[in-house]
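I am attaching a structure below and will ask some questions about it afterwards.
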Amino acid sequence: MICSFSKEFSQNAYTGVENSFIREYLKEAPGDAVKVYLYGLYLCGNPSVCDGLKDFAAALSLSEEKVVDCFNYWEEFGLCSVIEKDPFTVKYLPQTSVYAKPRKFKAEKYTDFSKGLQALLPDRMISTSEYSEYFTIMETYSITPEAMLMIAKYCADRKGADISYKYVSKVAKDFGNRGITTVEKVEKELSSYVFRTGEITKILKALSIRRVPDIDDQNLFKKWTKELSFEPDSIVFAAKTLKKSSMEKLDRLLLDLYSAKRFGKEEIAEFLANKQAVYDLAIRFNRALSVYVDVIDTEIDEYINKWLSYGYSEDALLVIANRLFREGKNTLAEADETIERLRERGIIDLSSVNDCFEQEKNTEEFLTKMLTVCGANRRPNAWDKENLLIWKSWNFSEDMILEAARLAAGKTSPLPYINGVLSNWKNKGVFSLDGAKEHTENFGTASQEDYNREYARRRTLAVSRAQKNLEKAMDVEGFAKIYERIFGIEKDLAFAEIAEDATAAETLKREKDELYIKANELLAKIGLEFSDLSPKYACEKCNDTGYVGTHRCDCFDKKPD
């Protein structure tokens, strides 16, 4: 369950300011700093009002630099924390936390530290604000001055005497967060860096990165060796496979390897070879489907790996892609839908995929021939395929179906007529061409024009009513998705019955029954039932075709309701 305030509600609500802020800070704080703090507090509850530092500054008629200075001011007091410089991001801290105490330092407390720090960095004069930053870190994390000097010396040794105070602060905060706050603890941590630095240098070289290892590199190396259990040689091997890259990309690769439980060099090589093969498959699949994808990795994660886990081979997937392209279905979503449908029918290996598509091709060609024979000048559709499945389930050969199509030539509704002819033959046990000719009567005469027109009118009326009901139903939220799935199940069910797959058929029937219940619940809101979406013919015997089997129905003189 997700709840939220509307934009109007949020903007008309209240922004709470703690009494301690008014009591402790308001008296001495600069006016602009107070404005910035209060407006930022307001934006915490209304983030959509402001889009970035530029908008923030414009709203208060201040410069962007002034806004940053004000937040730095409050950061010194521990009321907020500047998380990122670009984009400028600030996190407000509760005033009840240990970080919310005003940072008021006595200079004499850190006199020795200040002298020692200046001696470590003789090439530049350390500013008051820089000293204040270090004092704040020591107070916040309880780092001793001696330990802080050791941290500063380590940073200077790594980066040079002109090192930025931001880097020293970053390393010190990292140590503080990990509880490394005394001389003994700092010495122990730095001694471990001697070994790590040599190994990290090898990794940086493998990545073609020319720089001295920093604290972030140290932390990553510790993560890879301690948390992920990789040996340094394996990390270097993995780095060489990336060549000109970054530590961040190497981190992502090692996380993938850890998830796949591949730790040794040979295991890593095999993993990467398979990964490349999957990548190449994705490229070939997209080319066959004629689709362009911006980010291949996303496609692999969402589709390719899933299809491979189903048991589909590369050749089978490419056959499917080529087939879908010819059908004009050239999206990954349509490919996924098709593959899911094939999987439900147990069509997975290359042979079964080829057999399935060959069967569909033969069906398409036969239906095209049948429609030509009966005079229906159009392409086969889903209804034709469903009829063909039914007729074949009645044990009629294609020759018998074509004979019925010949008899339907010239009729107003040839497909219903074919159905009537085949039904009549089935009821009489006629399953050969010779037997069909003996039971066939002369149906098509010019005197039947009025007869045919009347039934065409009745069918049009029934279809029109059903279509209007369907249009109303499609406007009901959630119905369209259910309707499409029911239609898909009908086709899958027919194939399952032909394949004599009782398990799949039973599963599909249960799903269909559940969907009918949900559909009727939605349709009840507009006074309809699912049956109202199909034509309701005036005559239940002939379904307004005029024929029962090959004989005229006796309903001609009866008017529909």
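Could you check, for segment 348-366, whether at least one of its residues is part of a loop (DSSP other than H, G, I, E, B), among the polar types (S, T, N, Q) and not assigned by TED's automatic domain parsing to the domain that holds Thr503?
No: zero hits.
For segment 159-166, does any single residue satisfy the condition of being modelled with pLDDT of 90 or more, among the hydrophobic types (A, V, I, L, M, F, W, C) and not in a helix (DSSP H, G or I)?
No, segment 159-166 has no match at all.
Which residues, taken from segment 290-317, are within 23 Å of Phe495 (Cβ to Cβ) and touching a Leu at 6+ places or on another chain (Cβ under 8 Å)?
Correct list: Trp307, Ser313, Asp315, Ala316, Leu317.
Is it fair to say Ile320 is touching a Ser or Thr at 6+ places or on another chain (Cβ under 8 Å) and assigned to a helix (DSSP H, G or I)?
yes
Output the residue which, of all residues in segment 410-433 that are in a helix (DSSP H, G or I) and of a type in the set (A, V, I, L, M), is surrounded by the fewest Cβ atoms within 10 Å (Cβ to Cβ).
Leu433
Quick check: is even one residue across segment 102-118 in a loop (DSSP other than H, G, I, E, B) and at pLDDT 75 or above?
no
In this structure, is Leu528 in contact (Cβ under 8 Å) with a residue 24 or more places away in the chain and part of a loop (DSSP other than H, G, I, E, B)?
yes
If you don't mind, there's one more thing I want to ask. Going through segment 367-381 one residue at a time, which ones are outside any helix (DSSP H, G or I) and among the basic types (Lys, Arg)?
Across segment 367-381, the qualifying residues are Arg378, Arg379.
For every residue, the table says whether it meets (1) of a type outside the set (A, V, I, L, M); (2) surrounded by 12 or more Cβ atoms within 10 Å (Cβ to Cβ); (3) outside any loop (DSSP other than H, G, I, E, B); (4) modelled with pLDDT of 75 or more.
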position: Gly435; (1), (2), (3), (4): yes, yes, yes, yes
position: Glu438; (1), (2), (3), (4): yes, no, yes, no
position: Glu449; (1), (2), (3), (4): yes, no, yes, no
position: Tyr455; (1), (2), (3), (4): yes, yes, yes, no
position: Ser464; (1), (2), (3), (4): yes, no, yes, yes
position: Lys472; (1), (2), (3), (4): yes, yes, yes, yes
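Moving on to the next point. Here's a check for you: in segment 489-547, which residue that is at pLDDT 80 or above and β-branched (Val, Ile, Thr) is farthest from Leu388 (Cα to Cα)?
Residue satisfying both the conditions and the ranking: Ile526.
Provide a single number: the residues in segment 351-387 that are farther than 24 Å from Tyr417 by Cβ and of a type in the set (Phe, Trp, Tyr).
Qualifying residue count, segment 351-387: 1.
With the checklist (1) under 26 Å from Lys166 (Cβ atoms); (2) touching a Lys or Arg at 6+ places or on another chain (Cβ under 9 Å) in hand, flag the one item Val49 doesn't pass.
Single failed check for Val49: (1).
Write out, first by first residue and then by second, each pair whose Cβ atoms fall under 8 Å of each other, whose residues are 6+ apart or on separate chains, and whose first residue, in segment 50-67, is modelled with pLDDT of 90 or more and surrounded by 14 or more Cβ atoms within 10 Å (Cβ to Cβ) while the second is among the small types (Gly, Ala, Ser) and in a loop (DSSP other than H, G, I, E, B).
Ala57/Ser63
Confirm whether Gly31 is under 19 Å from Thr15 (Cα atoms), free of Cβ contacts under 8 Å to residues at least 40 places away in the same chain and surrounded by fewer than 14 Cβ atoms within 10 Å (Cβ to Cβ).
yes
Is it fair to say Glu184 is under 21 Å from Tyr134 (Cβ atoms) and without any contact (Cβ under 8 Å) to a residue 24 or more places away in the chain?
yes
Any idea which of (1) touching a residue at least 24 places away in the same chain (Cβ under 8 Å); (2) in a helix (DSSP H, G or I) is the one Pro535 doesn't satisfy?
(2)
Quick one: is Leu407 surrounded by 14 or more Cβ atoms within 10 Å (Cβ to Cβ) and either at pLDDT 85 or above or small (Gly, Ala, Ser) (or both)?
yes
Name the residues in segment 175-198 that are within 42 Å of the chain's Cα centre (by Cα), buried (at least 17 other Cβ atoms within 10 Å of the Cβ) and modelled with pLDDT of 85 or more, would you?
Phe175, Gly176, Ile180
Select from segment 181-234 the residues that are within 27 Å of Thr140 (Cα to Cα), of a type in the set (A, V, I, L, M) and touching a Phe, Trp or Tyr at 6+ places or on another chain (Cβ under 9 Å) and list them in ascending order.
Val186, Leu190, Ile215
For segment 199-230, give me the residue count where each residue is assigned to a loop (DSSP other than H, G, I, E, B) and surrounded by 14 or more Cβ atoms within 10 Å (Cβ to Cβ).
Adding up the residues that qualify gives 6.
All but one of (1) outside any loop (DSSP other than H, G, I, E, B); (2) farther than 26 Å from Phe431 by Cβ; (3) without any contact (Cβ under 8 Å) to a residue 60 or more places away in the chain hold for Arg341; state the number of the condition that does not hold.
Of (1) outside any loop (DSSP other than H, G, I, E, B); (2) farther than 26 Å from Phe431 by Cβ; (3) without any contact (Cβ under 8 Å) to a residue 60 or more places away in the chain, only one is false for Arg341: (3).
The values are calculated or read from the model by the stated rules, or taken from the named source; none is laboratory data. The model shown is predicted, which means the values in this text are computed figures rather than measured ones. Please note: Cβ atoms are built from the backbone with ideal geometry, for glycine as well, and neighbour counts cover all protein chains shown.
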